[in-house]
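A short write-up of the structure that comes next.
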Amino acid sequence: MSSIFSNVTASAERITRLTWFMIILAAIVYVVVIALMLVAMQRNRRAPRDAVILSDPGPRWIVIGGLIMPAVVLGAVLVFSLWAMGRERVERPALTIDVTGHQWWWEANYRFADLPDQFRTANELHIPVNVPVRIALTTNDVIHSFWVPQLQGKIDVIPGDTNDIRLVVRRPGTYSGICAEFCGAEHAKMGITVVAEDSATFRDWARQQLAEAASPNDSLTGEGRQLFESGPCMLCHTVRGTSAIAQVAPDLTHVGSRMTIGAGALPNTLGNLEAWIANAQVIKPGALMPPITTFTGQQLRALATYVASLK
Ligand SMILES: [Cu+2]
């Protein structure tokens, strides 16, 4: 049966089936009831007045039509709904993404069922289509809520607890989401992007994310890396393959490959990176990255060029 929804996830498919089941069942019940009513109206209409049968037909109609039939119909709806509401039966997800909400960005750690490899990224999740994926959500500051409307319902992200989403995305595409629970000053700029792609594209992406950061191959980028490793950036950020290993802020190892910066605050361009590094507070007031006022214009350009080169 074709889907009336966007045919995106397995649970949406089950809800679609339940919807059709209930519509068709209700239509059958309606037709039967109306038909019985018409028959009853018709039966005595043409008979002469004294031939009209008004005798009590016994309790059979009440037992069958009023007890047995509703029990069967409602029982079927109950069983079908319990099935549709049940958890996604994904015995062994191929991929687990541990997502941690932070004020005001999303950390993501990728784990694969059949590979020892793991990597950390932020704000942009890539998942393969038609593959069962588990997203395990927690936070170590306040309550957030993970919501990508086209893929799943809102799910709370709670300190000290892990909430699971199991999903199978059917249709490739880029799906936008947002934190759906007020979580402080920059709550409105806590976006998440989910990119669903075919397995080959996903594998290429994962392989790229697993690799250490690209090394500078021109002098401006080299200067940027040197400033990055000697400046305040490394107090908060990781760039795998360099001496920057702090974990309190988004992993920047492949930040150049992401579509946006600041959890969706700005498109990821060289100019925006420069503005962000100079003073993130102008773009995202309250964000936990301080304005860094010590760099000259040339140094900012070098830093932004380096960050942009981290594909
Ligand atoms: Cu939030």
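The values are calculated or read from the model by the stated rules, or taken from the named source; none is laboratory data. The model shown is predicted, which means the values in this text are computed figures rather than measured ones. Here the Cβ positions follow ideal geometry from the backbone for every residue, glycine too, while neighbour counts run over all protein chains shown.
Descriptive notes on the structure:
- Selection count, the stretch 241-259, where residues are under 21 Å from the mean Cα position of the chain (by Cα) and crowded, with 17+ Cβ neighbours inside 10 Å: 4
- Residue tally, condition β-branched (Val, Ile, Thr) and in a strand (DSSP E or B), over the stretch 117-152: 6
- Residues that are more than 19 Å from ALA249 (Cα to Cα) and surrounded by 14 or more Cβ atoms within 10 Å (Cβ to Cβ) within the stretch 271-306 comprise PHE295, GLN299, LEU300, ARG301, ALA302, THR305, listed in sequence order.
- The single condition from (1) surrounded by 15 or more Cβ atoms within 10 Å (Cβ to Cβ); (2) more than 14 Å from the ligand (Cβ to nearest atom); (3) part of a loop (DSSP other than H, G, I, E, B) that ASP161 fails is (1).
- Filter pass, PHE119 being farther than 30 Å from ALA206 by Cα, touching a helix residue (DSSP H, G or I) at 6+ places or on another chain (Cβ under 8 Å) and modelled with pLDDT of 90 or more: no
- Taken as a whole, the condition of being part of a loop (DSSP other than H, G, I, E, B), within 16 Å of the ligand (Cβ to nearest atom) and outside the structural domain of VAL33 (by TED's automatic domain parsing) does not apply to VAL99.
- Close Cβ contacts (under 8 Å, 6 or more residues apart or on different chains) running from residues in the stretch 133-153 that are within 16 Å of the ligand (Cβ to nearest atom) to residues that are assigned to a loop (DSSP other than H, G, I, E, B) and hydroxyl-bearing (Ser, Thr, Tyr) comprise LEU137/THR162; THR138/THR162.
- Unmet requirement for TYR175, which otherwise passes all of (1) in a strand (DSSP E or B); (2) surrounded by fewer than 18 Cβ atoms within 10 Å (Cβ to Cβ): (2)
- Residue pairs meeting the criteria (Cβ under 6 Å; at least 6 apart or on separate chains; first in contact (Cβ under 8 Å) with a residue 40 or more places away in the chain and more than 16 Å from GLY264 (Cα to Cα), in the stretch 172-183; second more than 8 Å from the ligand (Cβ to nearest atom) and part of a strand (DSSP E or B)): PRO172/ALA196; PRO172/GLU197
- Residue in the stretch 119-134 that is closer than 23 Å to SER257 by Cα and among the hydroxyl-bearing types (Ser, Thr, Tyr) present: yes
- Restricting the stretch 168-189 to residues that are under 22 Å from ARG134 (Cβ atoms) and hydrophobic (A, V, I, L, M, F, W, C), the residue that is farthest from the ligand (Cβ to nearest atom): VAL168
- Matching option when the condition is surrounded by 20 or more Cβ atoms within 10 Å (Cβ to Cβ) and of a type in the set (Gly, Ala, Ser), among ALA84, ALA122: ALA122
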